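Here's the structure we're looking at; comments come further down.
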Amino acid sequence: MNFFQNLLSSITKRSLLKSSYFRSKDFGVLHQDINKALESVMSKSGEISSLVFAEHLSNLIEELNDEEFIKFFDTVLKKYDIDSQALLKATNEYAKNKTQNNLEIISQLSEPRWRELFRRLNTISEGTLKLVRLRERIRSLKKESPSLQFFDRSLLILFKYWFNPSFLVLENIDWTTPANILEKIIAYEAVHEINSWDDLRARLAPKDRKCFAFFHPLMPNEPLIFVEVALTSNTPESISDIIKIDRSIILDEDMNTAVFYSISNCQEGLSGISFGNFLIKNVANKLKQENDGLKKFVTLSPAPGFVKWLKDQSIDEDLTEDMLFKQALTYLTDSDQEDGLPNDPVAKFHLGNGAILERINLNADLSSKGLNQSKGIMVNYLYNLDTLEENHELFFKTKEVKQSDGIKSLRKKLRI
């Protein structure tokens, strides 16, 4: 990350110097009226003047209350939407005369002009981060204003280009990582709450515990997603064995299994972009390179939709362990969804990555969250690095849950 931080620092310093220089020139007015400030951003063609006006507009947008925010984007949509008449004319012209120039005109006219606004806002200092935060706010308000859906989807399209996996940097997070990043790991942990610095230390400091995160060079202080890994001598059946503070450290020669036990997306503004599949595969290969003794890669995953599914099926929640296991097996292997994909979102994620359903564990997470969402069950999904791509393709072709021999035997025994 040092290279990217130095690069970013250099770019930022140059931008600030240019901005400071041009602020002192008589090249225009920084309007306090946000609609006039918008016009300034959209009308400027000079690189530096555009940057200065964009930074000013970004600050004005951040200061808007929710009502003003919605009203502003209603104005943007109305004023800078697609010119449908011009597009129709260009389409008719292309139908008569199929030239490259006419095709390019259609391409330009078919894109909303307000998408250029986001590109210009991205050029300012910390522009990418500010746009991610902007989309967070848009998503929080879009139920109140359906027109915000346009901007939500438009930013998602841009982000899919800007946050392409080839741009991401994989970083090891450990106890020596700067405190500002560690604080965010605590805040963003979405699966198993980190309750103290001692709790965090137990997950990062021991040599048999690992954590890796993806960063973007333009957001070096903001993890995008991170995964916590336990290096063990067997496949765990309970999360308490993994995250308890007082435990025995596994020796290097006894490590044979890498357990992905928590994956947390950090940026709501990047919702809709899948980083997890790339993260798991990259981390698995990295761990394999570092430790030849690792032979097995599994998860210890929650089943967060299980309790809701039981209620939707009108199934009595007061079940014996045998009945609970049978219902969990049905929930995880037989789809009730219209699209035929798994009932459970975590199952869909891992199976879509090419993993297989390895084992179901009862009484594996007895925390309040674990009981309320999953009735305490947790699931092991197996990542066989040699068959991931084949399994991935097969899953989306057939939508069938690939299962271990153990799961198949249990289904046959229980007549599921």
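Calculate how large, on average over all directions, the projected area of the Cα convex hull of the range 220-373 is; give the answer in nm² to one decimal. List each step's numbers first, then the result.
Values: hull surface 45.1 nm².
With every direction weighted equally, the projected area is 11.3 nm².
As a footprinting exposure proxy, order 379, 169 by other Cβ within 10 Å, with the fewest listed first.
Values: 379 24, 169 14.
Lowest to highest Cβ neighbour count: 169, 379.
Measuring from the lowest to the highest alpha carbon on each principal axis, how far does the chain reach, largest first, in angstroms?
Between the extreme Cα coordinates on each principal axis of the chain lie 76, 52, 43 Å.
What value, in deg cm²/dmol to 500, does the helix sum -39500 (n - 2.57) over DSSP H runs of n ≥ 4 give at 222 nm once divided by the residues of the chain?
Numbers: 19 runs with 215 residues, N = 416.
Computed mean residue ellipticity for the chain: -16000 deg cm²/dmol.
Rounded to whole Å and sorted largest first, what semi-axes of the equivalent ellipsoid does the C-alpha gyration tensor of the range 72-141 yield via the square root of 5 times each eigenvalue? Numbers along the way, then the final one.
Values: eigenvalues 197, 41, 14 Å².
Semi-axes from the Cα gyration tensor: 31, 14, 8 Å.
Under 15 Å from the Cβ of residue 386, count the other residues' Cβ atoms, weight Lys and Arg +1, Asp and Glu -1, and hand me the total. Don't skip to the end; give the middle numbers.
Values: positive: 281, 288, 295, 296, 402; negative: 389, 390, 393.
Within the 15 Å Cβ shell, the charges total +2.
Where a Cα-Cα gap under 15 Å defines reach, which aspartates and glutamates qualify for residue 408, not counting those fewer than 8 residues away within the same chain?
Partners within reach: 334, 358, 400.
Going down the table (78/142; 89/142; 244/296; 296/413), which pairs top 25 Å between alpha carbons? Write out the running numbers ahead of the final one.
Values: 78/142 17 Å; 89/142 33 Å; 244/296 22 Å; 296/413 27 Å.
Over 25 Å Cα-Cα: 89/142; 296/413.
Enumerate the calculated ³J(HN,Hα) couplings along the range 146-161 in order (Karplus 6.51 cos²θ - 1.76 cosθ + 1.60, θ = phi - 60°), each rounded to whole Hz, writing x wherever the residue is Gly or Pro.
After applying 6.51 cos²θ - 1.76 cosθ + 1.60, I find x, 5, 5, 4, 4, 6, 4, 5, 5, 5, 4, 4, 5, 5, 5, 7 Hz.
Dividing the alpha-carbon Rg of the range 14-162 by 2.2 N^0.38 Å yields what?
Values: Rg = 16.9 Å, N = 149, 2.2 N^0.38 = 14.7 Å.
Ratio of Cα Rg to 2.2 N^0.38 Å: 1.15.
Given H placed on each backbone N at 1.01 Å, which residues far from residue 384 in sequence or on other chains put an amide H within less than 5 Å of it?
Residues meeting the amide H criterion: 356.
Report the net charge of residues surrounding residue 292, where surrounding means a beta-carbon distance below 14 angstrom and charges are Lys +1, Arg +1, Asp -1, Glu -1.
Values: positive: 286, 288, 295, 296; negative: 252, 253, 254, 290.
Once all neighbours under 14 Å are counted, the net charge is 0.
Would you mind calculating the gained length between residue 371 and residue 164 on full extension (0.36 nm times residue separation, minus the Cα-Cα distance), in nm to one decimal? It would help to have the intermediate numbers written out before the result.
Values: separation 207, 0.36 × 207 = 74.52 nm, distance 3.67 nm.
My answer for the length gained is 70.9 nm.
Report, in degrees rounded to the nearest 10, the 0 to 90 angle that the Cα long axis of helix 276-290 makes with the longest principal axis of the chain.
It is inclined by approximately 60 degrees.
On the principal axes of its Cα set, how long, how wide and how thick is the range 111-209? Give whole Å, largest value first.
52, 31, 22
Check residue 359: other-chain or 5+ apart residues with amide H under 5 Å from its amide H, H built from backbone geometry?
Result for residue 359 returns 380.
If you take every DSSP beta bridge whose two residues both sit in the range 166-413, what share of them, in percent to the nearest 5, is antiparallel?
Numbers: 27 of 32 bridges.
Bridges in the range 166-413 are about 85 percent antiparallel.
Quick one: which of 310-317, 216-223 comes out on top by average Cβ neighbours within 10 Å, and what's the full order, highest first? Could the numbers behind the result be given before it?
Details: 310-317: 11.4, 216-223: 18.9.
Most protected by this proxy first, the peptides run 216-223, 310-317.
Using only Cα atoms, find the angle between the long axis of helix 34-43 and the longest principal axis of the chain, and express it within 0 to 90 degrees, rounded to the nearest 10.
80 degrees
So how tilted is helix 388-398 from the main axis of the chain? Cα-based, degrees 0 to 90, rounded to 10.
Approximately 80 degrees, to the nearest 10.
Loop only per DSSP, at most 11 neighbouring Cβ atoms within 10 Å: give me the trypsin sites (Lys or Arg not before Pro) in the range 75-147, ordered by residue number. Write down the numbers at each step before the final one.
Working: sites: 78, 79, 89, 96, 98, 113, 115, 119, 120, 130, 133, 135, 137, 139, 142, 143; in loops: 98, 113, 142, 143.
Answer by residue number: 98, 143.
Every number in this text was worked out from the coordinates using simple rules, so none of it is lab data. From a predicted model like this one, the values you see are computed outputs, not experimental measurements. A quick note on method: Cβ atoms are made from the backbone with ideal geometry, for glycine too, and the neighbour counts reach across all protein chains shown.
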